[in-house]
Amino acid sequence: MNYEDEVKNLMEQIRREREEEESLPPLVPPAFDSPHDLISFLRNRPVAKNVETTTLSSFLRRFRNSLGVSADDVAKALGFKPQDLKNLESNDCLPWTVSPQSTAAILSSYRLHVDALKFLVHNSYKIARVSQRLSDSGYAAQVMSAWISDVCMTLEANGEESLLS
């Protein structure tokens, strides 16, 4: 299977997942009375190492929406800029353009393993490459790799070994 077929399969799988998601009855999200309640709920979740085949933006947006909280509320609870989460959730923004510190805070709170991050970011890269949003795909791959390393170093510095091993 060549690269373009792989990307077409990825895009088709994402389209099917969106259709499936839209056909499901809405879930009643948990209620959080305070930012502390949200953080407590998130911190008690198991680490997610295996995720569905999608992009990072789609995964993060669906996860947050399943909780029924706004990007502003999550950012406020975690102490970083709301725009960073909005950028990570946006299909118009490349994940590696968001600060590694904010990304690490989101991964920590959502309990997303670095292997899942790499998988999702690689899918984001494939979509950006095929849609010609990258002027230099080789350079973008280098920036993406360095960004992932910076996210990992931040997670390690924050004592998040469970997300790294």
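For every residue, the table says whether it meets (1) part of a loop (DSSP other than H, G, I, E, B); (2) of a type in the set (Val, Ile, Thr); (3) under 19 Å from Ser109 (Cβ atoms); (4) open to solvent by 40 Å² or more (accessible area, probe 1.4 Å).
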position	(1), (2), (3), (4)
Glu4	no, no, no, yes
Glu21	no, no, no, yes
Ala31	yes, no, yes, yes
Leu42	no, no, yes, no
Arg62	no, no, yes, yes
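Is it the case that the stretch 152-163 has a residue that's open to solvent by 40 Å² or more (accessible area, probe 1.4 Å), under 28 Å from Asn9 (Cα atoms), modelled with pLDDT of 95 or more and in a helix (DSSP H, G or I)?
The initial filter retains those residues of the stretch 152-163 that are open to solvent by 40 Å² or more (accessible area, probe 1.4 Å), namely 153, 156-159, 161-162.
Narrowing further to those that are under 28 Å from Asn9 (Cα atoms): none.
No - not one qualifying residue is present in the stretch 152-163.
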*Determine which single condition Asn9 fails, assuming it passes every other condition in (1) of a type in the set (S, T, N, Q); (2) in contact with an Asp or Glu (Cβ under 9 Å, 6 or more places away or on another chain); (3) open to solvent by 60 Å² or more (accessible area, probe 1.4 Å); (4) over 27 Å from Gly159 (Cβ atoms).*
(2)
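Between Leu67, Leu56, which is open to solvent by less than 50 Å² (accessible area, probe 1.4 Å), under 21 Å from Glu12 (Cβ atoms) and not basic (Lys, Arg)?
On the way: Leu67 fails: under 21 Å from Glu12 (Cβ atoms).
So the residue among Leu67, Leu56 that is open to solvent by less than 50 Å² (accessible area, probe 1.4 Å), under 21 Å from Glu12 (Cβ atoms) and not basic (Lys, Arg) is Leu56.
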*asked:* So, in the stretch 100-120, how many residues would count as being within 16 Å of Leu10 (Cβ to Cβ) and touching a Phe, Trp or Tyr at 6+ places or on another chain (Cβ under 7 Å)?
replied: 1
_Just to be sure I understand the filter: pairs with C-beta atoms under 7 Å, separated by 6 or more residues or on different chains, first member in the stretch 144-165 and touching a residue at least 40 places away in the same chain (Cβ under 8 Å) and farther than 17 Å from Asn50 by Cα, second member surrounded by 13 or more Cβ atoms within 10 Å (Cβ to Cβ) and among the basic types (Lys, Arg). Which pairs pass?_
Ile148/Lys118
_Out of Gln142, Gln132, sole residue that is more than 20 Å from Asp72 (Cβ to Cβ), open to solvent by 30 Å² or more (accessible area, probe 1.4 Å) and outside any helix (DSSP H, G or I)_ = Gln132
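Looking only at the stretch 66-92, how many residues end up being touching a residue at least 24 places away in the same chain (Cβ under 8 Å) and either more than 12 Å from the chain's Cα centre (by Cα) or assigned to a helix (DSSP H, G or I) (or both)? I'd like the intermediate steps shown before the answer.
The initial filter retains those residues of the stretch 66-92 that are touching a residue at least 24 places away in the same chain (Cβ under 8 Å), namely 66-69, 73-74, 76-80, 85, 88-91.
Add one more test, that the residue is either more than 12 Å from the chain's Cα centre (by Cα) or assigned to a helix (DSSP H, G or I) (or both), and what stays is 66-69, 73-74, 76-80, 85, 88-89.
Total meeting the criteria: 14.
The values are calculated or read from the model by the stated rules, or taken from the named source; none is laboratory data. On a predicted model such as this, the values are computed, not experimentally measured, just so you know. We place every Cβ from the backbone using ideal geometry, glycine too, and count neighbours over all the protein chains shown. SASA here: full protein model, heavy atoms, side chains in, ligands and nucleic acids out. Shrake-Rupley method; radii C 1.70, N 1.55, O 1.52, S 1.80 Å.
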